[in-house]
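A short worksheet on the structure shown next.
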Amino acid sequence: MNNDRIFYEEKDRFLTIMVTSTITKTKMNLLFLWLMLWTLCGIVVFSQFFAAHSKEMKLMMVVWFAFWSYFEYKIGYAYLWRKTGREIIRIIDGKLFLKRDISGSGKEESYLVGNISKLKTIDFNSKQFTQTMNNSFWVIGGETVFFEYMGKTIGCGLQLSEPEAIVLFKKLKQGIKDSLKQS
């Protein structure tokens, strides 16, 4: 079953699941506006750096630039993620591959299926502040499906609704089970 955000393909010895990062056009436009205004603010302040200012003022500007640069990167990355990002999960020959892909680039992590345990979904009834923030459209986070791998908790399924997370959970569970049978 494919839905608006989760697509999968099953073949004889492998499973590929793709989770897109789409948001509404209004939210995408707001994120773009935020990025442009943040960039404009940085340009305005940077243009004043070379004016005659005291050392203390220039030091304060350098500190501000560090802060500004960090959030420029985070906003730009979030915008690119929302525009072209997707999670790609593949189970092939006893390995699970997880990649967060933006326009064809991203680091792919691999996990031996035999070492994966405690597959579960997030508690959707929890109303924690951090969970609410991680589901914001300007944040790249909010994993909804987790598994244990050699003492570490690994998350995937960014910002999925409860029905979508259940679909992903079931496909992963079945894919892991099938892969273990084939090994």
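The values are calculated or read from the model by the stated rules, or taken from the named source; none is laboratory data. Note that this is a predicted model, so its numbers are computed, not measured. Here the Cβ is made from the backbone with ideal geometry for all residues, glycine too, and neighbour counts use every protein chain on show.
The rows are residues; the columns are (1) in a strand (DSSP E or B); (2) under 21 Å from Ile140 (Cβ atoms); (3) touching an Asp or Glu at 6+ places or on another chain (Cβ under 6 Å); (4) in contact (Cβ under 8 Å) with a residue 60 or more places away in the chain.
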residue: Leu15; (1), (2), (3), (4): yes, no, no, yes
residue: Phe46; (1), (2), (3), (4): no, no, no, no
residue: Val63; (1), (2), (3), (4): no, no, no, no
residue: Trp68; (1), (2), (3), (4): no, yes, no, no
residue: Ile89; (1), (2), (3), (4): yes, yes, no, yes
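Out of the residues in region 108-118 meeting the condition of being in a strand (DSSP E or B) and loosely packed, with under 14 Cβ neighbours inside 10 Å, tell me which one is modelled with the lowest pLDDT.
My answer is Ser117.
Can you name every residue in region 59-98 that is closer than 18 Å to Thr16 by Cβ and of a type in the set (Lys, Arg)?
The answer is Arg86, Arg90, Lys95.
A quick yes/no check of all residues on (1) under 18 Å from Gln174 (Cβ atoms); (2) out of contact with any helix residue (DSSP H, G or I) (no Cβ under 7 Å at 6 or more places or on another chain); (3) surrounded by 12 or more Cβ atoms within 10 Å (Cβ to Cβ):
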{"site": "Tyr77", "(1), (2), (3)": "no, yes, yes"}
{"site": "Lys95", "(1), (2), (3)": "yes, no, yes"}
{"site": "Gly106", "(1), (2), (3)": "no, yes, yes"}
{"site": "Gln128", "(1), (2), (3)": "no, yes, no"}
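Restricting attention to region 17-35, which residues are touching a helix residue (DSSP H, G or I) at 6+ places or on another chain (Cβ under 7 Å), under 26 Å from Ile166 (Cβ atoms) and outside any strand (DSSP E or B)?
Matches in region 17-35: Ser21, Ile23.
What's the number of the only condition in (1) without any contact (Cβ under 8 Å) to a residue 40 or more places away in the chain; (2) basic (Lys, Arg); (3) touching a Phe, Trp or Tyr at 6+ places or on another chain (Cβ under 8 Å) that Lys107 fails to meet?
Lys107 satisfies every listed condition except (3).
Would you be able to say whether some residue in region 13-24 is out of contact with any strand residue (DSSP E or B) (no Cβ under 9 Å at 6 or more places or on another chain) and of a type outside the set (Val, Ile, Thr)?
No, region 13-24 contains no residue that is out of contact with any strand residue (DSSP E or B) (no Cβ under 9 Å at 6 or more places or on another chain) and of a type outside the set (Val, Ile, Thr).
Condition first: at pLDDT 90 or above, more than 18 Å from the chain's Cα centre (by Cα) and surrounded by 14 or more Cβ atoms within 10 Å (Cβ to Cβ). Now tell me which residues in region 8-31 satisfy that.
Hit for region 8-31 is Leu30, nothing else.
Residues to consider are Ser105, Ser110; find the one that is within 27 Å of Met36 (Cβ to Cβ) and over 11 Å from the mean Cα position of the chain (by Cα).
Ser105
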